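Here the structure is laid out as structure tokens; the discussion comes afterwards.
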């Protein structure tokens, strides 16, 4: 809104454009995370919801709906739905990963216990479906229940593929879609659906969210080996320590010799790591251009995200979404 | 169907009446629990789904639909939905309770790990919503998303009420509804909804499921202090060891003297138990008539379940459902 776009980052621009909507989303989230009888529920939820994430997913839903001319209020419900699904998966992820910190704060499983994280996640998931039902749109329910299944399937796949050096790029991409892209895609798509956009536009929004999510996750996976551990919220070396077989590892392994393969096998497959191993792993992914290749893939997906916006109306929000795709990969430039 | 009803138990009669439907449900369950990419999912699910539970919840859905004259096939989807929700909650419960055995077999969290149980539960929950969406009934989605929220809220409430001797009977009843009655009620109600039954009949089915579920859970809670540990699947003393404040404890505590209160405080609130404490706990609930009172409550709810069936059509399935309410409490006679 007449702001200096050269200094404001795209997700901040989105948040400003959609400020009134986002306020309504936050009110609805606070209302629906309440539980008269089980105060543990809002305690745990507030810890995460109010930790100050970027709220990218609900912003995508709001932006998609507004971009397609929506004037109703169901997009508020859908944005809250998407944030609840995201929060539920974070709660369960932290149990699965045995995480101690998220967004620079202790995780809920550490502050309360794993039990609370599992059950409060289930509650939020159920609440998200109640919100969807209120929109009266079976198509929205179809899209978001499919996304939920893809997310859970991707998480199981990630679990069983961990420490498996035979993991293919195809499996990696499937995990990435489950972890990140499926909810980005659904978040954008339901915004278009509720706005009554054309099928071309809805497909464009879905394609945008999918490609943006993949790009976003690939950048995360890049930073795990190539970042500076500079407080972006990502801890350098986490994936290595957890034995996740991400794109940098897949590429470095494919290009490595027998000695290097033995190194990866010991560290990832056998989970026998010494403190100095991370430095060698980082050197190997650099040496074989695996980091660069990961960045190039992320860039290509960002390009796909921008291109997918073509059928959408000419609107300042479209330009911001396009900038957002660039911004996501700018972290690795 | 012409079988000797005096020797066949009501749930077996239900299963025979609905044999063809139940076969279709089992085929659908096996189809939908599959995951092309994550074979861990059907492994974990099959372990539970094929453990030979009584399938009471899907049978309730099928019976309700058939009793109301339904001739379509959505009741098959809804019965599978209900079984998936139940299986998902069992997977998450076993993580929360740190259980080692269920239905006489090692639990999934023991055979695989907590992570798999959490994520496969999430997957089944998402799959259950996909199945509901296929019925095209927003009312069904409304009922089952409400039930899911009640279940999760009840579980959190049970978690925070554990070891809390100030737990009231009202809170106890809320936990019982969450644990058992909410899904029984929804299972029966959606059968009526999909069949296009009258509002009176739908309310009757819901009331039946609710009262049956409460009665069922109270009998379980009775058996934890009054059972013989005879392989019914219930382990005598589990609730006592886990510090669950169930109706027998609430009633015995209310009637006890200062010395007894100190005993309950040490064992339940402070979780300091000796092997011989269970015998004293069992003696106390007997001495104060707390076991008898629990049985009487269960009997009263079974009576309510039978009465709730009044608006339903005169049909052999109605008689079997009525017998089922008696049978559930017969375990404590």
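Bear in mind that the values in this text are calculations on the coordinates, not laboratory data. Since the model is a prediction, treat every value here as computed from it, not as a measurement. So basically every Cβ, Gly included, is an ideal-geometry build from the backbone, and we count neighbours across all protein chains shown.
Normalising the average separation of contacting C-alpha pairs (under 8 angstrom, six or more residues apart) by the number of residues puts the relative contact order of the range A:175-333 at 30 percent. Each residue in B:101, A:40 was given a count of other beta-carbon atoms within 10 angstrom of its own, and listing them fewest first yields B:101, A:40.
Quick check: convex hull over the Cα atoms of the range A:259-323, volume per residue in Å³, rounded to an integer?
In the range A:259-323, the Cα convex hull volume per residue is 125 Å³.
Rg over Rh for the range B:149-243 works out to 1.06, both radii taken from alpha-carbon positions and Rh defined as the Kirkwood radius. Distance from the Cα centroid of the range A:66-93 to that of the range A:168-209 is 14 Å (rounded to whole angstrom).
Position residue B:275: other-copy label points at 4.7 nm, ordered by increasing distance, label point 7 Å along Cα→C-beta. Residue A:111 label point (Cα plus 7 Å toward Cβ) to equivalent points in the other copies: 3.6 nm, shortest first.
The fraction of Cα-Cα pairs per 10 angstrom bin, counted from 0 for the protein assembly as shown, comes to 3, 15, 24, 24, 18, 11, 5, 1, 0 percent, rounded to whole percents.
Label-point distances for residue B:20 to the equivalent site in the other copies, using a point 7 angstrom along Cα→C-beta, read 5.9 nm when ranked shortest first.
Against the compact-protein benchmark of 2.2 N^0.38 Å, the Cα-based radius of gyration of the range B:140-194 scales to 1.25.
Look at A:119, B:56 and count the other Cβ atoms within 10 Å of each Cβ; fewest to most, that gives B:56, A:119. Only DSSP H runs of four or more residues enter the estimate; each adds -39500 (n - 2.57), and after division by the residues of chain A the mean residue ellipticity at 222 nm equals -22500 deg cm²/dmol.
What the Cα convex hull of the range B:1-156 gives, in volume per residue, is 124 Å³.
Can you give the Rg/Rh ratio of the range B:10-330, where Rg is from the C-alpha atoms and Rh is the Kirkwood radius? Please report the intermediate quantities before stating the final value.
Details: Rg = 19.8 Å, Rh = 20.2 Å.
Answer for the range B:10-330: 0.98.
As a length-normalised measure over Cα pairs under 8 Å and 6 or more apart, the relative contact order of the range A:10-330 settles at 20 percent. For B:45, A:61, the sequence from fewest to most other C-beta atoms within 10 Å is B:45, A:61.
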